[in-house]
Amino acid sequence: MEKIALIGGGSWATALTKILSENGARVDWWLRSKDDVQHLLRTGHNPRYLSAVQFDRNLVYPTTDLSDAVAEADWLVLAVPAAFVQPVLDKLGRDALRHKSGVVSAIKGMIPGKNILVTDYVQERFRLPAAQLGVIAGPCHAEEVALEKQSYLTIGAPDVSGLGQAFCQLLRTRYVSAHPAADLDGIEYCAVMKNIIALTGGIAHGLGYGDNFLAVLVSNAVQEIRRFLQAISPQARDLSASAYLGDLLVTAYSQFSRNRTFGSMVGRGYSVKSAQLEMNMVAEGYYAVKSIHELNRKLKVNMPITTAAYNILYERIAPAVELEILKEKLR
């Protein structure tokens, strides 16, 4: 039996725990809330997210003890918001992950302030070889996993035949297909940027723009992502693959997209703080905008969509004004 330490208590962490445990793995599930852990121990349900999912308590072991969760695990899966990665993992010793089969990030954000990918932080903090790292990409919404709707995942990993194939095997179920890919950096950056695009599309929706505009926005976004990836991680990659385009489309269009929802609220006149409080969930795109914008100060890539989102969220330019400027730059 594979032993997996899963870090995070949100909807995606809950969905991954469902997938992994139903595949027969033991999941030592770290959650920050003692109340949530006690509820899970009593009922087998997460009280906050995907609460209809029933967990097998012979395979899923909720805990608030991080060291205990990680100690005997073969794998570490990260599914907390990117802003919490450093404060959580800094509690572990530098050698705590050295002998794991792999560390896999399910986080679609960057480390705030450092402006680095989660896998880059993990590699640096715990002195791991690249072959020990992976990232989970969609398109895949947690809510549809809970409903057991057919879903597809890609594991980006430098070691495709080793870590990539092994972790895919842990994810494959009746309703989840999983495949490995070698482009860890490109997949991870794309996962970050698609949240920015979905957020901007949400702002447009909140302002009353329709499907025609969103289609043009997404088409231009593919070009913007391609330009950025070629500048920061140049290599041949097919952005029409599901790990790139598929993840972008589902996040930009789906009713389950928290980034689209967050953007729509901002477009309708909510302040950033009000939108965050009402959602009670983290929209990674809000933090990603700042990280990508700051990285691009050196790269100087033409990124009108990211710039528009940054100006609205951080420069406090009125969404209606900024979208008027943006729409003239799209083709």
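Structure data summary
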| item | result |
| --- | --- |
| Convex hull per residue volume in Å³, alpha carbons only, for region 111-190 | 96 |
| Debye, to nearest 20: dipole size of the chain, +1 on Lys, Arg Cβ, -1 on Asp, Glu Cβ | 460 |
| Calculated FRET value between ARG32 and VAL272, using beta carbons and R₀ = 22 Å, to 0.05 | 0.45 |
| Top positive-direction residue, dipole computed over region 186-327 with Cβ charges, set MET279, LEU299, PHE256 | LEU299 |
| Region 3-182, dipole about Cα centre (Lys/Arg Cβ +1, Asp/Glu Cβ -1), debye to the nearest 20 | 80 |
| Signed unit charges on C-beta, dipole axis of the chain, positive-most listed residue LEU184, PRO319, TRP30 | PRO319 |
| Point-to-point label distance, HIS99-GLN169, nm (Cα→Cβ direction, 7 Å offset) | 2.1 |
| Spin-label proximity, GLU148 to region 29-53 - amide N less than 13 Å from point 7 Å beyond Cα toward beta carbon | 53 |
| Over 25 Å (Cα to Cα) - which of LYS91/LYS149; LYS149/LYS290; LYS194/LYS327 fall in this group | LYS91/LYS149; LYS149/LYS290 |
| Projected-area mean, region 26-69, by convex hull of Cα positions, square nanometres | 2.8 |
| Of the DSSP H helices in the chain, those whose Cα atoms cover at least 24 Å axially and whose Kyte score averages -1.0 or more | 184-206, 211-232 |
| Globularity index of region 264-315, i.e. its alpha-carbon radius of gyration over 2.2 N^0.38 Å | 1.22 |
| GluC sites (Glu not before Pro) restricted to region 279-331 and DSSP loop, no more than 12 other C-beta within 10 Å | GLU315, GLU328 |
| Peptides 43-51, 28-36 ordered by average Cβ neighbours within 10 Å, highest first | 28-36, 43-51 |
| P(r) weight above 20 Å for region 186-327, C-alpha pairs, percent | 40 |
| Ranked packing of 165-174, 78-87, most packed first, by mean Cβ within 10 Å | 78-87, 165-174 |
| Part-to-part distance (alpha-carbon centres) for region 282-312 and region 68-112, which is given in Å | 26 |
| Ellipsoid equivalent to region 190-238 - semi-axes via the Cα gyration tensor, in Å | 24, 11, 7 |
| Radius of gyration and Dmax over the Cα atoms of region 1-75, both given in Å | 10.8, 30 |
| Euclidean distance of C-alpha centroids, region 206-238 and region 13-42, integer Å | 35 |
| Length-normalised contact order of the chain in % [C-alpha pairs under 8 Å, at least 6 apart] | 15 |
| Label-to-label distance, nm, for residues given as SER51 and GLU315 (7 Å Cα→Cβ offset) | 4.3 |
| Unit charges at the beta carbon, dipole of the chain: most positive-side option, ALA13, ALA231, ILE136 | ALA231 |
| If the convex hull is drawn through the Cα atoms of region 3-182, its volume per residue in Å³ | 102 |
| Dipole magnitude of region 3-83, debye to nearest 20 (Cβ charges: Lys/Arg +1, Asp/Glu -1, about Cα centre) | 220 |
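Read-outs: derived from the displayed coordinates by stated rules, not from any lab. The structure presented is a predicted model; accordingly, all values stated were derived computationally and were not measured. Note that each Cβ is placed from the backbone with ideal geometry, even for glycine, and that neighbours are counted across all protein chains shown.
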